[in-house]
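Notes for the one structure printed next.
The values are calculated or read from the model by the stated rules, or taken from the named source; none is laboratory data. In this text, all values refer to a predicted model and were calculated from it rather than measured experimentally. In this analysis, Cβ positions are derived from the backbone assuming ideal geometry, glycine residues included, and neighbour counts consider all displayed protein chains.
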Ligand code: ADP
Ligand code: ZN
């Protein structure tokens, strides 16, 4: 085996040059250092440990949580002539024995192991007797309770370092928010590891987010004007909405197919195949669609519902423009989205810590939607990557949102929430502000409040925008238990006292064909 990484890259993998930080990681690991690699999916993480494992003496032991992925990787490596094998629960006993023997005999370059297997006495003893070149911990975020894929077995992986302190380790993940990163470092004992974080930017994707008016019309307008005949993905939250949206798009003349976990395997496969093979197919899907979809010419990803987190948004929009050509990440959202997601979080079986995490993620997502600055910078910042210039390829860069002094409006809104007893949702508060006298308002006596009718200068849409923004900025919270009742937070005091001024964005409704229905 050649000792030069570039030669290995060319002769074994057939690639011309390294991407991004691959070379730096490989050199660091080959020299015996520990590393933590944060790179998006598709960024090329595998080579970061595969090449050092080929150059260093001994076998590289790779911990990977997904059996299917493990088998794929090993098959690919075998085809390239790399001596690779895996140990997991799917193997017959005899094969297992053979793999163990080749490991001990130094006949393997790479050995993939499921975490629960790695921690067995049997495998630990093997590692003690064989020559190991490095430990690679793939999907390292599984160690984090902060993340989505927490796996108890990953917690024990710190044992590797304690038992085999001389063997270099590399943790790899596509999840790079700061909390997860800190947790990985702490749990895996990677305090001295060099961190390589890069490649999250997808410069050809144009990020655009608009307030939801009449979502379907907005979508059809977007598709007709910008993506006639293009392939793309439309994400919705529920199966029902997937079905009805696909139907609607077909009626509008698009070639649209549904995809969600409730369909039969046959139908899912059929729709997926058509998306991959035919031109200009639109898949309307829940998040069940996308894992492992590698279609290079997806020209747009549209969200009709808000994703649960910025990680999810990044992953889902990242399926657009893999070929590097211009692509759109388009989304419409409204306050109702946030309320629905909040309700899902609260109603879930998760423990309190998890719920807190989910709430935080949702708040970050909402803040991202209401941003007036560069979306790409904000997205990258969330993943710990600093970019010093606005991107010039997101809606806010291309059409800087007009802002206005919303101090007075915010104060009125907050006072009205307070006067009505912090028990009502945005629509009711807006009716009071605008001085609408209906039966409900009279019954509640809200027409006699000092805040009744003090907000005539803005229409309903404008008020909704004010509410979304002051929620995103943390002055109000939405109480899911009380059907979206708004409550004041501590932070709103300075606003009520007139000590801070608020700059709010003016919503642009250019893409909305009609403002028929009432959306928040
Ligand atoms: P990740 O694990 O980060 O999701 P992979 O390691 O699976 O990404 O790599 C994604 C794809 O990019 C693979 O098809 C891989 O072969 C390819 N790839 C990785 N590095 C290079 C490179 N330097 N040049 C060309 N292709 C590369
Ligand atoms: Zn930008």
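Couple of notes before you dig in:
- Scanning the stretch 373-395 for residues that are away from ligand 1 (no atom under 16 Å from the Cβ) and modelled with pLDDT under 90 gives 380, 381, 382, 384, 386, 387, 388.
- Residues in the stretch 323-335 that are within 28 Å of residue 179 (Cα to Cα) and surrounded by fewer than 22 Cβ atoms within 10 Å (Cβ to Cβ): 1 in all.
- Lone qualifier among 223, 190 - being modelled with pLDDT of 95 or more, in contact with a strand residue (DSSP E or B) (Cβ under 8 Å, 6 or more places away or on another chain) and either under 30 Å from residue 274 (Cβ atoms) or not in a strand (DSSP E or B) (or both): 223
- Inclusion of residue 53 among residues that are within 14 Å of ligand 1 (Cβ to nearest atom) and either modelled with pLDDT of 95 or more or over 28 Å from residue 320 (Cβ atoms) (or both) is warranted.
- Within the span defined as the stretch 484-499, one or more residues are surrounded by 13 or more Cβ atoms within 10 Å (Cβ to Cβ), farther than 16 Å from residue 419 by Cα, modelled with pLDDT under 85 and touching a strand residue (DSSP E or B) at 6+ places or on another chain (Cβ under 9 Å).
Yes/no matrix, rows are residues, columns are (1) surrounded by fewer than 14 Cβ atoms within 10 Å (Cβ to Cβ); (2) modelled with pLDDT of 95 or more; (3) in contact with a strand residue (DSSP E or B) (Cβ under 7 Å, 6 or more places away or on another chain):
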{"site": "409", "(1), (2), (3)": "no, yes, no"}
{"site": "414", "(1), (2), (3)": "no, yes, yes"}
{"site": "425", "(1), (2), (3)": "no, no, yes"}
{"site": "429", "(1), (2), (3)": "no, yes, yes"}
{"site": "432", "(1), (2), (3)": "no, yes, no"}
{"site": "435", "(1), (2), (3)": "no, yes, no"}
{"site": "440", "(1), (2), (3)": "yes, no, no"}
{"site": "454", "(1), (2), (3)": "no, yes, no"}
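- Residue match in the stretch 364-377 (condition: surrounded by 20 or more Cβ atoms within 10 Å (Cβ to Cβ) and over 24 Å from residue 464 (Cα atoms)): yes
- Pairs are defined by a Cβ separation below 6 Å, a sequence spacing of at least 6 or placement on different chains, a first member in the stretch 338-363 that is surrounded by fewer than 18 Cβ atoms within 10 Å (Cβ to Cβ), and a second member that is part of a helix (DSSP H, G or I) and at pLDDT 85 or above; the pairs so defined are 355/345.
- Restricting the stretch 374-393 to residues that are in contact with a helix residue (DSSP H, G or I) (Cβ under 6 Å, 6 or more places away or on another chain) and more than 14 Å from residue 313 (Cα to Cα) leaves a set whose member that is farthest from ligand 2 (Cβ to nearest atom) is 384.
For (1) touching a residue at least 24 places away in the same chain (Cβ under 8 Å); (2) away from ligand 1 (no atom under 14 Å from the Cβ); (3) touching a strand residue (DSSP E or B) at 6+ places or on another chain (Cβ under 8 Å), each residue gets a yes or a no:
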position: 9; (1), (2), (3): yes, no, no
position: 25; (1), (2), (3): yes, no, yes
position: 41; (1), (2), (3): yes, no, no
position: 45; (1), (2), (3): yes, no, yes
position: 49; (1), (2), (3): yes, no, yes
position: 64; (1), (2), (3): yes, no, yes
position: 68; (1), (2), (3): no, no, no
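- Residue 2 being farther than 30 Å from residue 150 by Cα, assigned to a loop (DSSP other than H, G, I, E, B), in contact with a helix residue (DSSP H, G or I) (Cβ under 8 Å, 6 or more places away or on another chain) and more than 10 Å from ligand 1 (Cβ to nearest atom): yes
- Qualifying positions in the stretch 11-23 - more than 10 Å from ligand 1 (Cβ to nearest atom), under 22 Å from residue 81 (Cα atoms) and in contact (Cβ under 8 Å) with a residue 12 or more places away in the chain: 12
- Note on the stretch 136-178: residues that are free of Cβ contacts under 8 Å to residues at least 40 places away in the same chain and surrounded by fewer than 15 Cβ atoms within 10 Å (Cβ to Cβ) amount to 5.
- Test: residue in the stretch 347-356 that is away from ligand 2 (no atom under 12 Å from the Cβ), closer than 30 Å to residue 221 by Cα and assigned to a helix (DSSP H, G or I): no
- Close pairs from the stretch 251-267: first farther than 14 Å from residue 283 by Cα, partner surrounded by fewer than 18 Cβ atoms within 10 Å (Cβ to Cβ), Cβ under 6 Å, at least 6 apart: 252/220; 262/239
For every residue, the table says whether it meets (1) at pLDDT 95 or above; (2) assigned to a helix (DSSP H, G or I); (3) over 24 Å from residue 26 (Cβ atoms).
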{"residue": "142", "(1), (2), (3)": "no, yes, no"}
{"residue": "150", "(1), (2), (3)": "no, no, yes"}
{"residue": "159", "(1), (2), (3)": "no, yes, yes"}
{"residue": "162", "(1), (2), (3)": "no, yes, yes"}
{"residue": "176", "(1), (2), (3)": "no, no, no"}
{"residue": "184", "(1), (2), (3)": "no, yes, no"}
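- Filtered residue count, the stretch 391-439, keeping only those that are over 18 Å from residue 483 (Cβ atoms), within 35 Å of the chain's Cα centre (by Cα), assigned to a loop (DSSP other than H, G, I, E, B) and in contact (Cβ under 8 Å) with a residue 24 or more places away in the chain: 7
- Here the stretch 255-270 is the region considered, the condition is being touching a strand residue (DSSP E or B) at 6+ places or on another chain (Cβ under 7 Å) and under 15 Å from residue 236 (Cβ atoms), and the residue that is surrounded by the most Cβ atoms within 10 Å (Cβ to Cβ) is 258.
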